[in-house]
Amino acid sequence: MNAQELIDIAKKLVADDKGLLAMDESTPTCNKRFAKVGIPQTEEMRRSYRELIVTTPGLNGSISGAILSDETIRQHQKDGIPFVKALVNNGIVPGIKVDAGAKELAGHSGEKISEGLDGLRERLAEYRRMGAQFAKWRAVITIGDSIPSRSCIEANAHALARYAALSQEAGLVPVVEPEVLMDGNHTLERCFEVSENVLHTVFGQLYRQRVMLEGMLLKPNMVLPGLDCTEQETVNQVADATLICLLRAVPAAVPGITFLSGGQSPELASARLNAMNSGLRPKMPWALSFSFARAIQQPALEIWQGQELNAWEAQQALQHRARCNQAARRGEYSIAMEQHE
Ligand code: 13P
(Lines give C-alpha, C1' and ligand atoms only; values in the text may rest on other atoms or scores of the structure.)
Protein backbone atom coordinates (compact mmCIF):
# COMPACT_ATOMS: atom_id res chain seq x y z
CA MET A 1 0.00 0.00 0.00
CA ASN A 2 1.44 3.35 -0.94
CA ALA A 3 0.77 6.73 0.60
CA GLN A 4 -1.62 7.73 -2.18
CA GLU A 5 -3.90 4.77 -1.47
CA LEU A 6 -4.18 5.79 2.20
CA ILE A 7 -4.93 9.37 1.17
CA ASP A 8 -7.60 8.17 -1.27
CA ILE A 9 -9.35 6.02 1.39
CA ALA A 10 -9.26 8.87 3.94
CA LYS A 11 -10.77 11.26 1.38
CA LYS A 12 -13.40 8.72 0.35
CA LEU A 13 -14.53 8.36 3.98
CA VAL A 14 -15.43 12.05 4.15
CA ALA A 15 -16.62 12.54 0.55
CA ASP A 16 -20.16 13.49 -0.59
CA ASP A 17 -21.17 14.77 2.86
CA LYS A 18 -21.35 11.19 4.11
CA GLY A 19 -20.05 10.04 7.49
CA LEU A 20 -19.04 6.97 9.47
CA LEU A 21 -21.35 4.66 11.34
CA ALA A 22 -19.66 3.35 14.49
CA MET A 23 -21.11 -0.13 15.18
CA ASP A 24 -18.02 -1.39 16.96
CA GLU A 25 -19.28 -1.65 20.54
CA SER A 26 -17.28 -4.27 22.41
CA THR A 27 -19.29 -7.31 23.57
CA PRO A 28 -19.65 -5.95 27.15
CA THR A 29 -20.74 -2.49 25.91
CA CYS A 30 -23.21 -3.95 23.40
CA ASN A 31 -24.61 -6.23 26.11
CA LYS A 32 -25.02 -3.25 28.46
CA ARG A 33 -27.03 -1.38 25.79
CA PHE A 34 -29.12 -4.51 25.10
CA ALA A 35 -29.80 -5.04 28.81
CA LYS A 36 -31.12 -1.46 29.16
CA VAL A 37 -33.87 -2.14 26.61
CA GLY A 38 -34.49 -5.75 27.63
CA ILE A 39 -32.80 -7.54 24.70
CA PRO A 40 -31.16 -10.92 25.51
CA GLN A 41 -27.36 -10.60 25.59
CA THR A 42 -26.35 -13.43 23.26
CA GLU A 43 -23.95 -13.70 20.34
CA GLU A 44 -26.89 -14.43 18.01
CA MET A 45 -28.77 -11.30 19.14
CA ARG A 46 -25.67 -9.15 18.58
CA ARG A 47 -25.26 -10.73 15.12
CA SER A 48 -28.88 -10.22 14.29
CA TYR A 49 -28.76 -6.55 15.39
CA ARG A 50 -25.68 -5.92 13.27
CA GLU A 51 -27.43 -7.57 10.31
CA LEU A 52 -30.34 -5.17 10.78
CA ILE A 53 -27.90 -2.25 10.58
CA VAL A 54 -25.91 -3.51 7.59
CA THR A 55 -29.02 -4.36 5.56
CA THR A 56 -30.76 -1.00 6.12
CA PRO A 57 -31.99 0.01 2.66
CA GLY A 58 -30.32 3.14 1.27
CA LEU A 59 -27.76 3.40 4.09
CA ASN A 60 -25.00 3.97 1.54
CA GLY A 61 -26.61 7.28 0.56
CA SER A 62 -25.39 8.90 3.76
CA ILE A 63 -22.85 6.48 5.27
CA SER A 64 -19.37 6.10 3.72
CA GLY A 65 -17.84 3.63 6.17
CA ALA A 66 -18.81 1.36 9.07
CA ILE A 67 -16.60 0.49 12.03
CA LEU A 68 -16.93 -3.14 13.15
CA SER A 69 -15.74 -4.97 16.25
CA ASP A 70 -13.59 -8.10 16.23
CA GLU A 71 -16.71 -10.23 16.78
CA THR A 72 -18.72 -8.59 13.99
CA ILE A 73 -15.99 -8.65 11.34
CA ARG A 74 -15.98 -12.46 11.66
CA GLN A 75 -19.78 -12.80 11.39
CA HIS A 76 -22.13 -13.39 8.46
CA GLN A 77 -25.65 -12.46 7.45
CA LYS A 78 -28.30 -15.19 7.69
CA ASP A 79 -27.78 -15.85 3.97
CA GLY A 80 -24.09 -16.64 4.62
CA ILE A 81 -22.65 -13.43 3.17
CA PRO A 82 -19.94 -12.04 5.49
CA PHE A 83 -20.76 -8.57 6.87
CA VAL A 84 -17.57 -7.18 5.31
CA LYS A 85 -18.64 -8.39 1.86
CA ALA A 86 -22.18 -7.07 2.32
CA LEU A 87 -20.79 -3.63 3.18
CA VAL A 88 -18.39 -3.59 0.23
CA ASN A 89 -21.16 -4.72 -2.16
CA ASN A 90 -23.14 -1.77 -0.87
CA GLY A 91 -20.34 0.75 -1.44
CA ILE A 92 -19.64 1.16 2.31
CA VAL A 93 -15.99 0.94 3.39
CA PRO A 94 -15.45 -1.58 6.23
CA GLY A 95 -13.34 -0.50 9.21
CA ILE A 96 -12.32 -2.16 12.46
CA LYS A 97 -11.85 -1.09 16.09
CA VAL A 98 -8.39 -2.27 17.15
CA ASP A 99 -7.82 -1.05 20.72
CA ALA A 100 -8.39 -3.66 23.39
CA GLY A 101 -10.32 -1.31 25.67
CA ALA A 102 -9.53 1.38 28.22
CA LYS A 103 -8.11 -0.07 31.48
CA GLU A 104 -7.19 1.54 34.81
CA LEU A 105 -3.89 3.44 34.50
CA ALA A 106 -1.63 2.15 37.26
CA GLY A 107 -0.89 4.72 39.94
CA HIS A 108 -3.52 7.13 38.57
CA SER A 109 -6.82 6.77 40.34
CA GLY A 110 -9.78 7.50 38.05
CA GLU A 111 -7.72 7.57 34.83
CA LYS A 112 -7.52 5.11 31.94
CA ILE A 113 -5.08 3.87 29.32
CA SER A 114 -6.17 2.06 26.17
CA GLU A 115 -4.42 -1.27 25.67
CA GLY A 116 -3.80 -3.35 22.57
CA LEU A 117 -0.36 -2.52 21.15
CA ASP A 118 1.13 -5.98 21.79
CA GLY A 119 0.63 -8.13 18.70
CA LEU A 120 -1.10 -5.26 16.90
CA ARG A 121 1.00 -5.59 13.70
CA GLU A 122 -0.23 -9.17 13.23
CA ARG A 123 -3.85 -8.30 14.06
CA LEU A 124 -3.83 -5.40 11.59
CA ALA A 125 -2.49 -7.68 8.85
CA GLU A 126 -5.31 -10.15 9.55
CA TYR A 127 -8.00 -7.46 9.49
CA ARG A 128 -6.60 -6.14 6.23
CA ARG A 129 -6.78 -9.64 4.72
CA MET A 130 -10.40 -9.77 5.89
CA GLY A 131 -11.17 -6.58 3.95
CA ALA A 132 -10.90 -3.75 6.49
CA GLN A 133 -9.59 -0.49 5.02
CA PHE A 134 -9.41 1.66 8.12
CA ALA A 135 -8.78 1.13 11.84
CA LYS A 136 -9.99 3.00 14.92
CA TRP A 137 -8.36 3.32 18.37
CA ARG A 138 -10.15 5.11 21.22
CA ALA A 139 -8.33 6.76 24.11
CA VAL A 140 -10.38 7.99 27.07
CA ILE A 141 -9.59 11.13 29.04
CA THR A 142 -11.64 11.90 32.15
CA ILE A 143 -12.07 15.40 33.56
CA GLY A 144 -12.14 15.56 37.37
CA ASP A 145 -10.79 17.53 40.32
CA SER A 146 -7.10 17.10 39.60
CA ILE A 147 -7.33 15.07 36.42
CA PRO A 148 -6.42 14.51 33.66
CA SER A 149 -2.78 14.17 34.67
CA ARG A 150 0.01 14.98 32.24
CA SER A 151 1.14 11.35 32.43
CA CYS A 152 -2.30 10.03 31.41
CA ILE A 153 -2.49 12.39 28.42
CA GLU A 154 1.05 11.51 27.32
CA ALA A 155 0.62 7.74 27.71
CA ASN A 156 -2.60 7.76 25.67
CA ALA A 157 -1.19 10.09 22.99
CA HIS A 158 1.86 7.84 22.64
CA ALA A 159 -0.30 4.72 22.25
CA LEU A 160 -2.51 6.48 19.68
CA ALA A 161 0.54 7.45 17.63
CA ARG A 162 2.09 3.95 17.81
CA TYR A 163 -1.20 2.40 16.63
CA ALA A 164 -1.61 5.03 13.88
CA ALA A 165 1.88 4.36 12.51
CA LEU A 166 1.30 0.59 12.56
CA SER A 167 -2.06 1.05 10.82
CA GLN A 168 -0.53 3.05 7.99
CA GLU A 169 2.26 0.47 7.67
CA ALA A 170 -0.47 -2.18 7.25
CA GLY A 171 -2.33 -0.10 4.65
CA LEU A 172 -5.18 0.88 6.97
CA VAL A 173 -6.25 4.50 7.49
CA PRO A 174 -6.06 5.32 11.21
CA VAL A 175 -9.11 7.01 12.74
CA VAL A 176 -7.46 8.52 15.81
CA GLU A 177 -9.94 8.94 18.67
CA PRO A 178 -8.86 10.85 21.77
CA GLU A 179 -12.16 11.20 23.66
CA VAL A 180 -12.46 13.75 26.44
CA LEU A 181 -15.53 12.46 28.29
CA MET A 182 -18.55 14.66 28.93
CA ASP A 183 -19.33 13.00 32.31
CA GLY A 184 -19.05 15.39 35.25
CA ASN A 185 -19.96 18.93 36.24
CA HIS A 186 -17.03 20.72 34.56
CA THR A 187 -17.58 23.81 32.44
CA LEU A 188 -17.23 24.18 28.68
CA GLU A 189 -14.07 26.26 29.32
CA ARG A 190 -12.51 23.36 31.21
CA CYS A 191 -13.39 20.95 28.39
CA PHE A 192 -11.82 23.40 25.93
CA GLU A 193 -8.60 23.62 27.93
CA VAL A 194 -8.31 19.83 28.31
CA SER A 195 -9.26 19.09 24.67
CA GLU A 196 -6.71 21.61 23.36
CA ASN A 197 -4.01 20.14 25.57
CA VAL A 198 -4.88 16.57 24.52
CA LEU A 199 -4.96 17.41 20.79
CA HIS A 200 -1.62 19.24 20.90
CA THR A 201 -0.06 16.26 22.66
CA VAL A 202 -1.60 13.76 20.24
CA PHE A 203 -0.39 15.66 17.16
CA GLY A 204 3.08 16.03 18.71
CA GLN A 205 3.23 12.25 19.13
CA LEU A 206 1.80 11.58 15.65
CA TYR A 207 4.59 13.75 14.22
CA ARG A 208 7.25 11.91 16.23
CA GLN A 209 5.96 8.51 15.15
CA ARG A 210 6.00 9.69 11.50
CA VAL A 211 2.32 9.33 10.86
CA MET A 212 1.27 10.81 7.53
CA LEU A 213 -1.42 13.33 8.42
CA GLU A 214 -2.97 13.31 4.92
CA GLY A 215 -3.70 9.59 5.33
CA MET A 216 -5.57 9.68 8.67
CA LEU A 217 -8.78 11.01 10.21
CA LEU A 218 -9.26 12.56 13.65
CA LYS A 219 -12.26 11.47 15.74
CA PRO A 220 -12.52 13.95 18.62
CA ASN A 221 -15.19 14.97 21.11
CA MET A 222 -17.02 18.25 20.59
CA VAL A 223 -16.11 20.91 23.17
CA LEU A 224 -19.03 20.66 25.60
CA PRO A 225 -19.96 21.51 29.17
CA GLY A 226 -20.11 18.44 31.46
CA LEU A 227 -23.45 16.63 31.54
CA ASP A 228 -24.01 17.81 35.14
CA CYS A 229 -22.77 21.39 34.65
CA THR A 230 -25.43 23.92 35.60
CA GLU A 231 -24.57 26.13 32.64
CA GLN A 232 -25.32 24.52 29.26
CA GLU A 233 -24.17 26.68 26.34
CA THR A 234 -26.20 27.14 23.16
CA VAL A 235 -25.67 25.13 20.00
CA ASN A 236 -23.79 28.05 18.42
CA GLN A 237 -21.56 28.57 21.45
CA VAL A 238 -20.62 24.88 21.40
CA ALA A 239 -19.90 25.05 17.66
CA ASP A 240 -17.73 28.17 18.11
CA ALA A 241 -15.74 26.71 21.01
CA THR A 242 -15.19 23.43 19.16
CA LEU A 243 -13.99 25.12 15.98
CA ILE A 244 -11.64 27.49 17.82
CA CYS A 245 -10.13 24.57 19.71
CA LEU A 246 -9.67 22.48 16.55
CA LEU A 247 -8.22 25.42 14.57
CA ARG A 248 -5.58 25.86 17.26
CA ALA A 249 -4.58 22.22 17.49
CA VAL A 250 -5.33 20.24 14.30
CA PRO A 251 -3.01 20.68 11.30
CA ALA A 252 -4.70 21.60 8.01
CA ALA A 253 -3.10 18.55 6.36
CA VAL A 254 -5.61 16.27 8.13
CA PRO A 255 -8.39 15.64 5.56
CA GLY A 256 -11.28 15.11 7.94
CA ILE A 257 -12.61 15.39 11.46
CA THR A 258 -15.28 12.81 12.28
CA PHE A 259 -16.83 13.61 15.65
CA LEU A 260 -17.93 11.00 18.18
CA SER A 261 -21.29 11.67 19.83
CA GLY A 262 -20.22 10.75 23.38
CA GLY A 263 -23.68 10.57 24.98
CA GLN A 264 -25.26 13.71 23.43
CA SER A 265 -28.86 13.24 22.32
CA PRO A 266 -29.14 12.39 18.63
CA GLU A 267 -30.86 15.72 17.88
CA LEU A 268 -28.25 17.83 19.71
CA ALA A 269 -25.37 16.01 18.04
CA SER A 270 -26.92 16.77 14.63
CA ALA A 271 -27.70 20.39 15.53
CA ARG A 272 -24.17 21.06 16.79
CA LEU A 273 -22.55 19.45 13.74
CA ASN A 274 -24.90 21.47 11.57
CA ALA A 275 -23.90 24.72 13.28
CA MET A 276 -20.23 23.97 12.60
CA ASN A 277 -21.01 23.49 8.92
CA SER A 278 -23.39 26.42 8.64
CA GLY A 279 -22.96 28.64 5.61
CA LEU A 280 -22.43 31.64 7.88
CA ARG A 281 -19.10 30.31 9.13
CA PRO A 282 -15.79 30.59 7.29
CA LYS A 283 -14.73 27.41 5.52
CA MET A 284 -12.55 25.14 7.66
CA PRO A 285 -9.41 23.37 6.36
CA TRP A 286 -10.81 19.89 7.08
CA ALA A 287 -14.15 18.20 6.34
CA LEU A 288 -16.32 18.31 9.48
CA SER A 289 -18.11 14.98 9.63
CA PHE A 290 -19.49 12.38 12.03
CA SER A 291 -18.59 8.94 13.31
CA PHE A 292 -21.46 8.43 15.72
CA ALA A 293 -22.52 5.25 17.47
CA ARG A 294 -25.24 6.17 19.99
CA ALA A 295 -26.44 9.31 18.17
CA ILE A 296 -27.19 7.20 15.07
CA GLN A 297 -28.14 3.85 16.57
CA GLN A 298 -29.97 4.51 19.84
CA PRO A 299 -33.47 5.26 18.47
CA ALA A 300 -33.26 2.18 16.20
CA LEU A 301 -32.13 -0.05 19.06
CA GLU A 302 -35.02 1.11 21.24
CA ILE A 303 -37.55 0.41 18.47
CA TRP A 304 -36.08 -2.99 17.56
CA GLN A 305 -36.26 -4.51 21.08
CA GLY A 306 -34.84 -7.73 19.63
CA GLN A 307 -38.06 -8.42 17.67
CA GLU A 308 -38.02 -9.27 13.98
CA LEU A 309 -41.39 -7.57 13.45
CA ASN A 310 -39.85 -4.22 14.53
CA ALA A 311 -36.86 -4.51 12.19
CA TRP A 312 -38.25 -2.42 9.34
CA GLU A 313 -39.25 0.47 11.61
CA ALA A 314 -35.87 0.32 13.36
CA GLN A 315 -34.11 0.52 9.98
CA GLN A 316 -36.19 3.59 9.09
CA ALA A 317 -35.07 5.25 12.35
CA LEU A 318 -31.42 4.43 11.64
CA GLN A 319 -31.70 5.74 8.11
CA HIS A 320 -33.37 8.90 9.38
CA ARG A 321 -30.51 9.69 11.80
CA ALA A 322 -27.91 8.99 9.13
CA ARG A 323 -29.71 11.38 6.77
CA CYS A 324 -30.05 14.08 9.45
CA ASN A 325 -26.29 13.95 9.98
CA GLN A 326 -25.59 14.13 6.26
CA ALA A 327 -27.83 17.22 6.16
CA ALA A 328 -25.83 18.58 9.13
CA ARG A 329 -22.63 18.21 7.10
CA ARG A 330 -24.21 20.48 4.50
CA GLY A 331 -25.49 22.95 7.09
CA GLU A 332 -29.01 21.98 6.00
CA TYR A 333 -30.25 20.21 9.13
CA SER A 334 -33.11 21.74 11.06
CA ILE A 335 -35.35 20.48 13.83
CA ALA A 336 -38.16 20.39 11.25
CA MET A 337 -36.44 17.30 9.80
CA GLU A 338 -37.31 15.50 13.03
CA GLN A 339 -41.01 16.13 12.61
CA HIS A 340 -41.56 15.51 8.94
CA GLU A 341 -39.61 12.35 8.08
P1 13P B 1 -20.53 7.43 20.43
O2 13P B 1 -20.89 8.21 19.21
O3 13P B 1 -21.65 6.66 21.02
O4 13P B 1 -19.77 8.26 21.43
O5 13P B 1 -19.51 6.31 19.97
C6 13P B 1 -18.47 6.66 19.14
C7 13P B 1 -17.41 5.65 19.27
O8 13P B 1 -16.99 5.07 18.30
C9 13P B 1 -16.87 5.37 20.60
O10 13P B 1 -15.64 4.76 20.44
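Each row is one residue, and each column tells you yes or no for (1) under 21 Å from the mean Cα position of the chain (by Cα); (2) surrounded by fewer than 15 Cβ atoms within 10 Å (Cβ to Cβ); (3) within 18 Å of residue 260 (Cβ to Cβ).
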position: 57; (1), (2), (3): no, yes, no
position: 62; (1), (2), (3): yes, no, yes
position: 67; (1), (2), (3): yes, no, yes
position: 70; (1), (2), (3): yes, no, no
position: 76; (1), (2), (3): no, yes, no
position: 82; (1), (2), (3): no, no, no
position: 89; (1), (2), (3): no, yes, no
position: 104; (1), (2), (3): no, yes, no
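A count restricted to the stretch 20-45 and to residues that are assigned to a helix (DSSP H, G or I), more than 16 Å from the ligand (Cβ to nearest atom) and either crowded, with 22+ Cβ neighbours inside 10 Å or without any contact (Cβ under 8 Å) to a residue 12 or more places away in the chain (or both) stands at 2. None of 328, 317, 275 is part of a helix (DSSP H, G or I) and within 23 Å of residue 194 (Cα to Cα) except 275. Condition check: among the small types (Gly, Ala, Ser) and within 16 Å of the ligand (Cβ to nearest atom). Does residue 270 satisfy that? Yes: the conditions hold for residue 270. For residues in the stretch 10-19 being surrounded by fewer than 22 Cβ atoms within 10 Å (Cβ to Cβ) and closer than 18 Å to residue 171 by Cβ, which is nearest to the ligand (Cβ to nearest atom)? This residue is 12.
Being more than 16 Å from the ligand (Cβ to nearest atom) and either surrounded by 23 or more Cβ atoms within 10 Å (Cβ to Cβ) or in contact (Cβ under 8 Å) with a residue 40 or more places away in the chain (or both) is a property that does not hold for residue 264. Restricting attention to the stretch 287-300, the residues being without any contact (Cβ under 8 Å) to a residue 40 or more places away in the chain and either more than 15 Å from the ligand (Cβ to nearest atom) or of a type in the set (A, V, I, L, M) (or both) number 1.
Restricting 306, 331 to residues that are of a type outside the set (Ser, Thr, Tyr) and touching a Pro at 6+ places or on another chain (Cβ under 8 Å) narrows the list to 306.
Does residue 168 fit the bill of being buried (at least 20 other Cβ atoms within 10 Å of the Cβ), of a type outside the set (A, V, I, L, M, F, W, C), modelled with pLDDT of 95 or more and within 29 Å of residue 123 (Cβ to Cβ)? Yes: the conditions hold for residue 168. Tell me, please, whether a residue that is within 14 Å of the ligand (Cβ to nearest atom), crowded, with 20+ Cβ neighbours inside 10 Å, assigned to a helix (DSSP H, G or I) and at pLDDT 95 or above can be found in the stretch 301-312. Looking for residues that are within 14 Å of the ligand (Cβ to nearest atom), crowded, with 20+ Cβ neighbours inside 10 Å, assigned to a helix (DSSP H, G or I) and at pLDDT 95 or above, one finds at least one in the stretch 301-312, hence yes.
Does residue 194 satisfy being assigned to a helix (DSSP H, G or I) and touching a strand residue (DSSP E or B) at 6+ places or on another chain (Cβ under 8 Å)? So residue 194 fits the description; yes.
The values are calculated or read from the model by the stated rules, or taken from the named source; none is laboratory data. Keep in mind that this is a model prediction, so the values were computed, not measured. In this analysis, Cβ positions are derived from the backbone assuming ideal geometry, glycine residues included, and neighbour counts consider all displayed protein chains.
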